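Step one of this worksheet: look at the structure below.
The values are calculated or read from the model by the stated rules, or taken from the named source; none is laboratory data. As the structure is a computational prediction, the values presented were derived from the model and not from experiment. Neighbour counts run over all protein chains shown; Cβ positions are idealised from the backbone, glycine included. In case anyone asks, the SASA skips ligands and DNA or RNA and just uses the protein heavy atoms, side chains included. Shrake-Rupley method; radii C 1.70, N 1.55, O 1.52, S 1.80 Å.
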Amino acid sequence: MSRVGRMPIAIPAGVTVDIAENNHVTVKGPKGTLEKSLPVEMTIDKDGETIEVKRPNDLKKMKSLHGLTRSLLANMVTGVTDGYEKKLEVNGVGYRATKQGKKLVLNLGYSHPVEMEDPEGLETKVEGNVITVSGIDKEKVGQFAAEIRDKRRPEPYKGKGIKYADEVIRRKVGKAGKK
């Protein structure tokens, strides 16, 4: 059995989970509503305050889908109750991030400022050199944070660029001078 797939998902108070045909799941909570079509092969049972995911057989594909389906469901429940956020740090002389309405404006040493529009359902905040991306969909939050980071990835010599707050940049030694 999949260790992840076997664990039941607790439904907190104030959250409703509807399972329609073909495993189309709708999760409503205090922060919003999420919908997702999960793999049809899995059986999703809702009994009272818990959800369990069961698989039809022990084929390799079913084993991998078992854990995936359970994780996606758990992420949806967590998203509508607590939400998700990713923090990014802007490091470098003259590198700045500012917010103009729903636009994130990044000055990253290019000849022009990079402007990024907040996607639907996501919010970005800037405090000093820290950008915070928050929303209820874990996948969208992670994707948008990765797109921001891609505008100027951290380089290994001085550490300039945009990095995740918990990311550690492996530094390299620059070229040695004459002796």
When you go through (1) free of Cβ contacts under 8 Å to residues at least 60 places away in the same chain; (2) of a type in the set (Asp, Glu); (3) under 23 Å from ALA74 (Cβ atoms); (4) open to solvent by less than 60 Å² (accessible area, probe 1.4 Å) one by one for GLU167, which number turns out not to apply? (3)
I'd like the full set of residues that are more than 30 Å from VAL25 (Cβ to Cβ) and either in a helix (DSSP H, G or I) or out of contact with any helix residue (DSSP H, G or I) (no Cβ under 7 Å at 6 or more places or on another chain) (or both), limited to the stretch 126-148. VAL126, GLU127, GLY128, ASN129, VAL130
Flagged in the stretch 81-135 as touching a residue at least 60 places away in the same chain (Cβ under 8 Å) and under 13 Å from the mean Cα position of the chain (by Cα), in numbering order, are LYS86, LYS87, LEU88, GLY121
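Does the stretch 36-59 hold any residues that are buried (at least 17 other Cβ atoms within 10 Å of the Cβ), in contact with a His (Cβ under 7 Å, 6 or more places away or on another chain) and within 22 Å of TYR84 (Cβ to Cβ), and which are they? Show your work before the answer.
Step one: list which residues in the stretch 36-59 are buried (at least 17 other Cβ atoms within 10 Å of the Cβ), which gives 38-39, 42, 44, 51, 53, 55.
Within this subset, residues satisfying the condition of being in contact with a His (Cβ under 7 Å, 6 or more places away or on another chain) are 42, 53, 55.
Within the stretch 36-59, just VAL53 meets the criteria.
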Can you spot a residue in the stretch 18-35 that is out of contact with any helix residue (DSSP H, G or I) (no Cβ under 9 Å at 6 or more places or on another chain), in contact (Cβ under 8 Å) with a residue 40 or more places away in the chain, surrounded by fewer than 14 Cβ atoms within 10 Å (Cβ to Cβ) and acidic (Asp, Glu)? no
Keeping to the stretch 36-49, report how many residues are free of Cβ contacts under 8 Å to residues at least 12 places away in the same chain and farther than 11 Å from ILE11 by Cα. 1
What strands (runs of 3 or more DSSP E) lie completely within the stretch 1-115 and have 1 or more residues being under 30 Å from ILE162 (Cα atoms) and of a type in the set (Phe, Trp, Tyr)? 84-91
